[in-house]
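Read through the structure below, which is laid out as C-alpha cells, and then see the notes.
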Amino acid sequence: MPIRTLGPDDRGAIVAHLLALDPRDRYLRFGFAAQDEHIRRYVESIRFGIDDVFGIFNRRLHLIAMAHLAYMVTPGRGSDAAEFGVSVSRHARGRGYGHRLFARAMLHARNHGVRRLYIHALSENAPMLHIARAAGATVVQQAGESECHLELPPADFDSHVAELLQEEVARADYGLKALRRVWHRAVHGLVRLFKG
C-alpha cells in the first residue's frame, strides 16, 4: 500500500489509530503506559510544517500504520538530525509496513538534509530494533532502553525522483480510495431509496 504524507487535517485519523492500540502496543510505541489523554496531547503537539508524518490507509480509509519523523531543530542551523517513531495496527502486522514506513522516512530525511536518524525504543521492542538493525543502525542498549542511530547518505537525483514518485502514487491511491468510498455510499443510498 502506498505511503501518504499526512497533514493537520489528518489529526482525527491519527488519534483514532493510536487510541485503537492496546495497552502493550501503546507502551512499546511511547515508552510508557500512554493513556487516552496522553495520546490526544501527543497528536496535538505534532508540529506539522516542521515535522513529517507518514501513513498507510486501508481501502476503507482507516489509518492502519503511521510514522512520525520529528526534526531536532538547532537555532541558526536548521536540522541535521531527526527522530523516528512508528506504530502499526495489530491486524495489519506482518506485512512489512513498519519497514516500509522507515524506508520512506529515511528517504524523506535524506532529501531534506538530515544526516543522522535516531530511534529511542524500549529494549523489549523487538520489531522496532529489527527495523533499525536491518537498516544498518548502530544500537546501544542501556537500562532497558535502546538508542539507535543511523548515518544517512546525502541526497542525490535518484532519491529526489524516488520520493516524488512515491508521493504522487500515494496521493493517487488515496484519491481513488476516497472516490470508491463515495461511489459505494451513493450506490447503497440509491438501493435503500428504491427499496423504501
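The values are calculated or read from the model by the stated rules, or taken from the named source; none is laboratory data. Fair warning: this is a prediction, and the values are worked out from it, not measured in the lab. Calculation scope for accessible area: heavy atoms of the full protein, side chains included, ligands and nucleic acids excluded. Shrake-Rupley method; radii C 1.70, N 1.55, O 1.52, S 1.80 Å.
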Say we join alpha carbon atoms closer than 10 Å with springs in a Gaussian network model of the chain; which of HIS38, HIS91, HIS120 then has the biggest fluctuation? HIS91
Averaged over all directions, how much area does the convex hull of the C-alpha atoms of the range 1-139 cover when projected, in nm²? 8.4
With a ≥ b ≥ c taken as the square roots of the eigenvalues of the C-alpha gyration tensor of the range 113-196, please select rounded if a/c is under 1.5 and otherwise prolate if a/b is larger than b/c or oblate if it is not? oblate
In Å², and per residue, what accessible area does the range 120-161 have when probed at 1.4 Å with the other protein chains present? 60
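Ranked by accessible surface with a 1.4 Å probe, highest first, in what order do VAL43, VAL73, VAL161 come?
Working: VAL43 0, VAL73 85, VAL161 55 Å².
Accessible-area ranking of VAL43, VAL73, VAL161, largest first: VAL73, VAL161, VAL43.
Could you work out the percent of alpha carbon pairs in the range 132-178 separated by over 14 Å, rounded to a whole number?
Values: 746 of 1081 pairs.
Here the long-distance tail beyond 14 Å is 69 percent of all Cα pairs in the range 132-178.
How many percent of the accessible area of the range 61-196 is carbon or sulfur, using a 1.4 Å probe? The partial results should precede the final answer.
Values: 4810 of 8000 Å².
Here carbon and sulfur together make up 60 percent of the probe-accessible area.
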For the chain, built as a Gaussian network whose Cα springs stay under 10 Å, the top-fluctuating residue of ALA186, ALA65, ALA20: ALA186
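Just from its helices, what would the mean residue ellipticity at 222 nm be for the chain, if runs of 4 or more DSSP H residues each count -39500 (n - 2.57) and the sum is divided by every residue, rounded to the nearest 500 deg cm²/dmol? Write down the numbers at each step before the final one.
Details: 6 runs with 90 residues, N = 196.
Helix-only estimate at 222 nm: -15000 deg cm²/dmol.
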If one builds a Gaussian network model of the chain from Cα atoms under 10 Å apart, the most fluctuating residue listed among LEU107, LEU61, LEU28 is LEU61
If N is the residue count of the range 84-151, its Cα Rg over 2.2 N^0.38 Å rounds to 1.10
I need to check one value: relative contact order of the chain, counting alpha carbon pairs closer than 8 Å and at least 6 residues apart, in percent. 19
